[in-house]
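Everything below concerns the one structure shown next.
What follows is calculated from the coordinates using simple rules that are stated; it is not laboratory data. For clarity, every value in this text was computed on a predicted model and none was experimentally measured. Positions of Cβ are backbone-derived with ideal geometry, glycine not excepted, and every protein chain shown enters the neighbour counts.
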């Protein structure tokens, strides 16, 4: 199990919430935490290697970027799951794909440059996989949260 | 939407993984033929326009201690949807909450992603949300296997 030190949690919180928009962002974080930049970079590298941090980068708003996205689901016979999942994964714009415990057992998200393009992709996927795909686009967004504050009890 | 070559370069760069180096934008600035300052000011503009929601670390929740995750879909009607959505959004453990257009025979139209540290905590959270929103009809749809989890690549 990955147990995070207090310093690691502090770094995670800084990296998630107040990543400095500057030429030397890691130096700024290090200074705020009273450590050397090298140490800060090493700790981050270690958390990446341990798989705690997936990546450091930008999280984009696909809608504001001019894209259309939707949550899709389909019912796939157990014997076809792996093959169908692979076909769906191979499609550009599919970002998440999960097997779930519901009669709709395969759930994936699709982001495409337009509604028309998304419809075209889903029709093609239906043909390729031989399944009926249900599209459930969001009509209201109440929350999209991408950060988790690390408290004392977190980071087991 | 049209993006110029600097914006496209920045989008490509930021949708991947920023290099762990003292000056992470240095090579990008050389590649794009502009200064690091220009890149930073463009990123700030893209943030202000809302194209970039956030810049920083993206965690693997399971490895960060949130080991029990579930998608919970609720049946909500037109009159109560916004109130219920707001209540759910106020929960720290709810990461995503959307109203969706769903097939009639499915009917569960309000989706919430809930992250907990244990099964007990998850069921307490769901009970709590049900009590506060007054929504009684819901299903917990758990992930059994992850086939793909990536970030969108725009360019």
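Taking R0 as 25 Å, what FRET efficiency do you get between residue B:149 and residue B:86 from their Cβ-Cβ distance, rounded to the nearest 0.05?
It comes out at approximately 0.35.
Please state the shape class of segment A:29-79: rounded when a/c is under 1.5, otherwise prolate if a/b exceeds b/c and oblate if not, all from the C-alpha gyration tensor.
oblate
Among B:83-90, B:99-106, how do they line up from the highest to the lowest mean number of other beta-carbon atoms within 10 Å?
B:83-90, B:99-106
List the relative contact order of segment A:1-143 as a percent without decimals, with contacts defined as Cα pairs under 8 Å and 6+ residues apart.
Working: 147 pairs, mean separation 29.7, N = 143.
It rounds to 21 percent for segment A:1-143.
For Cα pairs less than 8 Å apart in space and 6+ apart in sequence, what is the mean separation divided by the residue count of segment A:68-136, i.e. the relative contact order in percent?
For segment A:68-136, the relative contact order is 45 percent.
For Cα pairs less than 8 Å apart in space and 6+ apart in sequence, what is the mean separation divided by the residue count of chain B, i.e. the relative contact order in percent?
Normalised by residue count, the contact order of chain B is 26 percent.
Before rounding to the nearest 500, sum -39500 (n - 2.57) across all DSSP H runs of length at least 4 in the protein assembly as shown and divide by the residue total; then give [θ] at 222 nm in deg cm²/dmol.
Result for the protein assembly as shown, helices only: -11000 deg cm²/dmol.
Taking other Cβ within 10 Å of each residue's Cβ, how do B:17, A:38, B:4 sort, fewest first?
Working: B:17 16, A:38 12, B:4 9.
Arranged by neighbour count, lowest to highest, B:17, A:38, B:4 become B:4, A:38, B:17.
Take peptide B:89-102, look around each residue's Cβ out to 10 angstrom, count Cβ atoms belonging to other protein chains, and average those counts.
5
Enter the angle in degrees (range 0 to 90, nearest 10) between the Cα long axis of helix B:119-133 and the first principal axis of the Cα atoms of chain B, meaning the one along which they spread out most.
80
Write down the radius of gyration of chain B and its Dmax, each obtained from C-alpha positions, in Å.
20.2, 58
Taking the inverse of the average 1/r across all pairs of different Cα atoms in chain A, what Kirkwood radius in Å do you get?
On the way: mean 1/r = 0.0538 Å⁻¹.
The answer is 18.6 Å.
Which angle from 0 to 90°, rounded to the nearest 10, does the C-alpha axis of helix A:6-17 make with the longest principal axis of chain A?
Here the helix axis deviates by roughly 60 degrees.
Return, for the Cα atoms of segment A:68-136, the radius of gyration and Dmax in Å, separated by a comma.
Cα only, segment A:68-136: 10.9, 33 Å (Rg, Dmax).
Just to confirm the number: angle between the C-alpha axis of helix B:36-48 and the first principal axis of chain B, 0 to 90 degrees, nearest 10?
Between the helix axis and the principal axis of chain B, the angle is about 30 degrees.
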